[in-house]
Amino acid sequence: MTSDQIPGFSTRAIHAGQEADPATGAVVTPIYQVSTYKQDGVGALRTGLGTGYEYSRSGNPTRTSLETQLAALEQGAAGFAFASGLAAEDGILRALCRPGDHVVIPNDAYGGTYRLVKKVAEPWGVEHSPVDLADLDAVRDAVQPGRTRLVWLETPTNPLLTVGDIAAIAEIAHAAGALLVVDNTFATPYLQTPLTLGADLVVHSTTKYAGGHSDVVGGAVVVRDGDDGRGNSLAERIAFHQNAMGAVPGPFDSWLVQRGLKTLAVRMERHCDNAERVVEFLQSHPRVTRILYPGLPEHRNHDVAAKQMKRFGGMISFRTASVEDALAVCGATELFTLGESLGGVESLVEHPGKMTHASVAGSLLEVPDDLVRLSVGIEDADDLVADLAQALG
Ligand SMILES: *Cc1c(COP(=O)(O)O)cnc(C)c1O
């Protein structure tokens, strides 16, 4: 099937992998809170619809349902659910890299991604180069043909909202024999589908927009069809490691993410509407010195964002005159809750330098200390703007 023949996004979100339960006809996938399954004979798993399970680390029906939904939304060949976004990232690194390999990472990656690559992968012999992924020449220079195994792209990035050109970077990565991984946490498959633009793997923190209600921690990997560049099937490689390392989500967490994904399209539209209203307000405020939002024409890679994204998302970062100013704003909002994480229905504000990105202080990935990050929720836009107006004074 070509991409214009497949059902629309919300139809897939609500139906992919979610046929009525074969045992009872339940319309919503049940929470199969179970660890093991009765077998028909020694070494003979039950066959037929909804069967074939042996042990819930290897597979669980609630998780299978979520994994099918994830693959359908990202238009990939197979989806894998993990216990957190970082567990998913670790799964990719360990499934695909071996000592001596090299990885290109964004110079403003999510702090936990950098910590994983620097403090866990590097001691195991996997080297990395941080690079400005908005600069294609810099990416070309950073890639080492034959040695770079992964180019790791986050777009837009957390917290500077930098945008990288997925199709162009896929070409550079592939020309050097590397695979392209895209962290699609901020955009979600509703706003962009990296696998259709040439990426090999997509990774998510489903804790964020996918779950969407700040009530679950989870991660996901979705892969394209085909091999991993070293003679193995990409999907089999991730599946093997998911089971061998065991960082899987439980049935209830799988169910919560699945339930969140069903409303992703309507939530994202509202997140985008509200973010546009907030940007408009911030533009008029004298205490805001710079707004980082891919939807602004003056954003460094606005053209790329407009080409590869449907809209520009619910995350906004802005700079103020000083660290004191940034901290004062973070402390003065009432409706925007001061907190880490993002992508939930409720609006959040944070100071990346001292909160989510404290672990990159002193590194190449350090973020400006006058930066404020907003995760714009789906409350009424007038109330959000009023809260920022009183906080900024
Ligand atoms: C939160 C986040 C992660 C890590 O996910 P967890 O679910 O917290 O482990 C990875 N990438 C991005 C862009 C994130 O925002």
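Convert each backbone phi in region 91-103 into a coupling constant with the Karplus relation 6.51 cos²θ - 1.76 cosθ + 1.60 (shift: θ = phi - 60°), then list the ³J(HN,Hα) values in order as whole Hz, x for Gly and Pro.
Calculated HN-Hα couplings, in order: x, 5, 4, 7, 6, 10, 9, 9, x, x, 6, 10, 10 Hz.
Check which residues have an amide H placed less than 5 Å from Ala78's amide H, if you skip close sequence neighbours.
For Ala78, the qualifying residues are Val223.
Which residue fluctuates the most in the chain, going by a Gaussian network model with Cα springs under 10 Å, if the choices are Phe240, Phe82, Phe336?
Comparing Phe240, Phe82, Phe336 in a Gaussian network model of the chain, the most mobile one is Phe240.
Please turn the phi angles of region 134-139 into ³J(HN,Hα) values with the Karplus equation 6.51 cos²θ - 1.76 cosθ + 1.60 (θ = phi - 60°), one per residue in order, whole Hz, x for glycine and proline.
Per residue, the Karplus-derived 3J(HN,Hα) values read 7, 10, 5, 5, 5, 5 Hz.
Please determine, in degrees from 0 to 90 and to the nearest 10, the orientation of helix 323-332 with respect to the longest principal axis defined by the Cα atoms of the chain, where the helix direction is its Cα long axis.
70
Sort Val345, Val360 by heavy-atom solvent-accessible area, probe 1.4 angstrom, most to least.
Largest accessible area first, the residues go Val345, Val360.
Determine, from the Cβ-Cβ distance of Asp135 and Arg57 and an R0 of 45 Å, the FRET efficiency 1/(1 + (r/R0)^6), rounded to the nearest 0.05.
Working: r = 42 Å, r/R0 = 0.93.
For R0 = 45 Å, the calculated efficiency reads 0.60.
Enumerate lysine pairs in the chain that are 8 or more residues apart or on different chains, then count those whose Cα atoms are under 30 Å apart.
10
Suppose only helical runs count, i.e. DSSP H with n ≥ 4. What mean residue ellipticity at 222 nm does that imply for the chain under -39500 (n - 2.57) per run, divided by all residues and rounded to the nearest 500 deg cm²/dmol?
Taking each H run of at least 4 residues, the total per residue is -10000 deg cm²/dmol.
Please list, in chain and number order, the residues 5+ apart from Gly218 or on another chain whose amide H is under 5 Å from its amide H, with Hs placed from the backbone.
So Gly218 has HN proximity to Gly85, Thr206, Thr207.
Under 10 Å, Cα contacts only: if you run a Gaussian network model on the chain, which one of Ala78, Ala247, Ala358 comes out with the highest mean-square fluctuation?
Comparing Ala78, Ala247, Ala358 in a Gaussian network model of the chain, the most mobile one is Ala358.
Counting only protein chains, not ligands or nucleic acids, how are Trp255, Trp124 ordered by accessible area (probe 1.4 Å), most first?
Trp124, Trp255
Report the residue, chosen from Thr157, Thr36, Thr47, that carries the largest GNM mean-square fluctuation when the chain is represented by alpha-carbon nodes joined by springs under 10 Å.
Comparing Thr157, Thr36, Thr47 in a Gaussian network model of the chain, the most mobile one is Thr47.
So if each residue of separation counts as 0.36 nm, and I subtract the Cα-Cα distance between Glu280 and Thr24, what length gain in nm does that give? Mind dumping the intermediate values first?
Details: separation 256, 0.36 × 256 = 92.16 nm, distance 5.07 nm.
Gain on extension, Glu280 to Thr24, equals 87.1 nm.
If I compute solvent accessible area with a 1.4 Å probe over the protein chains, what percent of it on the chain is carbon and sulfur?
Result for the chain: 52 percent of the exposed heavy-atom area is carbon or sulfur.
For region 72-87, just list the computed ³J(HN,Hα) in residue order, Karplus coefficients 6.51, -1.76 and 1.60, θ = phi - 60°, integers in Hz, with x standing in for Gly and Pro.
Ordered by residue, 3J(HN,Hα) equals 5, 6, 8, 6, x, 7, 7, x, 9, 9, 10, 6, 6, x, 5, 5 Hz.
Using a Förster radius of 41 Å, what is the FRET efficiency between Ala332 and Thr11 based on their Cβ-Cβ separation? Nearest 0.05, please.
Efficiency at R0 = 41 Å is approximately 0.45.
Between Thr47 and Ala175, what length comes free when the chain is fully extended (0.36 nm per residue of separation minus the Cα-Cα distance, one decimal in nm)?
41.7 nm
Given N residues in the chain, what is its alpha carbon radius of gyration divided by 2.2 N^0.38 Å?
Expressed relative to 2.2 N^0.38 Å, the Cα Rg reads 0.99.
Compute the distance from the alpha-carbon center of region 262-303 to that of region 180-257, in whole Å.
What the calculation gives is 26 Å, centre to centre.
Residues of region 1-131: accessible area per residue at 1.4 Å, in Å²?
Working: 6470 Å² over 131 residues.
Heavy-atom SASA per residue in region 1-131 reads 49 Å².
Keeping all protein chains in place, calculate the accessible area per residue for region 312-377 (probe 1.4 angstrom), answer in Å².
Heavy-atom accessible area per residue stands at 34 Å².
The values are calculated or read from the model by the stated rules, or taken from the named source; none is laboratory data. No experiment lies behind these values; they were computed from the predicted model shown. No Cβ is skipped: glycine too gets one built from the backbone with ideal geometry, and neighbour counts run over all protein chains shown. All accessible areas refer to the heavy atoms of the entire protein, side chains included, with ligands and DNA or RNA removed. Shrake-Rupley method; radii C 1.70, N 1.55, O 1.52, S 1.80 Å.
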